[in-house]
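Data block below; observations after.
We did not get these values from a lab; they are worked out from the coordinates using the rules stated. Predicted model, so just to flag it, every value in this text is computed and none were measured. Neighbour counts are summed over all protein chains in view; Cβ atoms, including those assigned to glycine, are modelled from backbone coordinates with ideal geometry.
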Amino acid sequence: MSLDLYYCSTIPGCRAVLMVGEALGLTFNLHPLDVHNKEHLRQEFIEVNPLKTVPLLKHEGLVLFESHVICTYLINKFGKDDSLYPKDPASRAKVDQILYFDSGTLYKNLINCLDPKHPKCAYIKARESLSVINRQLGQTPYAAGDQITVADFALVATISTAEAVQPDLSRHPNIVTWLRKCKSVIPGYELHNEPGVQQFAKLYHSKKQKDGSEVNDKNKSGV
Ligand SMILES: N[C@@H](CCC(=O)N[C@@H](CS)C(=O)NCC(=O)O)C(=O)O
């Protein structure tokens, strides 16, 4: 039964799913949708996902949206062991904590900084969110402990995107060290993450040129 993945490379959650798939040795039946050209608003996609968001996975009659849920489902279903998503309740809670934080707080706070009309507090919130991760990475080599987990896959997709738009992460030295390490150890990073990150940065800069906005306009000190 095929794993149908609807995705757009510029979107961090889509890239996290692709990297998890690579780590598990999975082959997806890929359905690229360019959300920047509104391909996700086509009727045939809306019928599958009325939320109109990517990524979306279809597998054996199961339809899943939300990238973090897709990632953990794939690991639960196809992982040879539980190293990427530990079964031990305390270890799993640590992983879930980062996944929920990435989805509900970090990603949202970083995205808000890209809005040309963002309030000044957007930078403060984004910086605070990154500081939470930086502090954690000062205590453990990976986001949820001593081992690489799905939490690192999700975070790396989000934070590498932020880095492409604003390369100076020097306020968060533990993130800089961790990011460099993840880029070399996460399977398929170069193939599945880097091109989408670069494409996102290109789109961001061309939009910025068009509307005259700049990520640092209101606060030159950045995130
Ligand atoms: N929390 C969701 C976010 C999914 C999501 O909102 N994707 C956005 C891009 S960030 C999307 O598909 N946007 C198209 C739209 O809403 O029109 C996840 O991690 O999968």
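Along the positive direction of the dipole of the chain (beta-carbon charges: Lys, Arg +1; Asp, Glu -1; about the Cα centre), which of L203, L179, I124 reaches farthest?
My answer, from the dipole projection, is I124.
Considering only V132, V150, V54, give the residue with the highest GNM mean-square fluctuation for the chain, with springs between Cα atoms whenever their separation is below 10 Å.
In this elastic network of the chain, the residue with the biggest mean-square fluctuation among V132, V150, V54 is V132.
Using only alpha carbons, build the gyration tensor for the chain and give me the equivalent ellipsoid semi-axes, biggest first, whole Å.
Semi-axes (√(5λ), whole Å): 27, 24, 14.
Over the chain, what is the relative contact order in percent, taking alpha-carbon pairs closer than 8 angstrom and at least six residues apart?
The value is 25 percent.
Using just the C-alpha positions of the stretch 89-211 as equal point scatterers, what log10 of I(q)/I(0) does the Debye formula give at each q in 0.13, 0.20, 0.21 1/Å?
Debye output, listed in q order: -0.52, -1.19, -1.29.
With viscosity set to 1.567 mPa s and temperature to 4 °C, compute the Stokes-Einstein D of the stretch 1-46, Rh being the Kirkwood radius across alpha carbon pairs; µm²/s, no decimals.
115 µm²/s
Over all distinct Cα pairs, what is the inverse of the mean 1/r for the stretch 10-80, reported as the Kirkwood hydrodynamic radius in Å?
Value: 12.6 Å, from the Cα pair sum.
Counting pairs of alpha carbon atoms under 8 Å apart in space and at least six apart in sequence, what relative contact order in percent does the stretch 129-223 give?
The value is 28 percent.
Express the relative contact order of the stretch 3-78 as a whole percentage, based on alpha carbon pairs under 8 Å and six or more residues apart in sequence.
39 percent
With helices defined as uninterrupted DSSP H runs, which ones in the chain have an alpha carbon span along their own long axis of at least 20 Å and mean Kyte-Doolittle hydropathy of at least -1.0?
Once both thresholds are applied, what remains is 121-139, 150-165.
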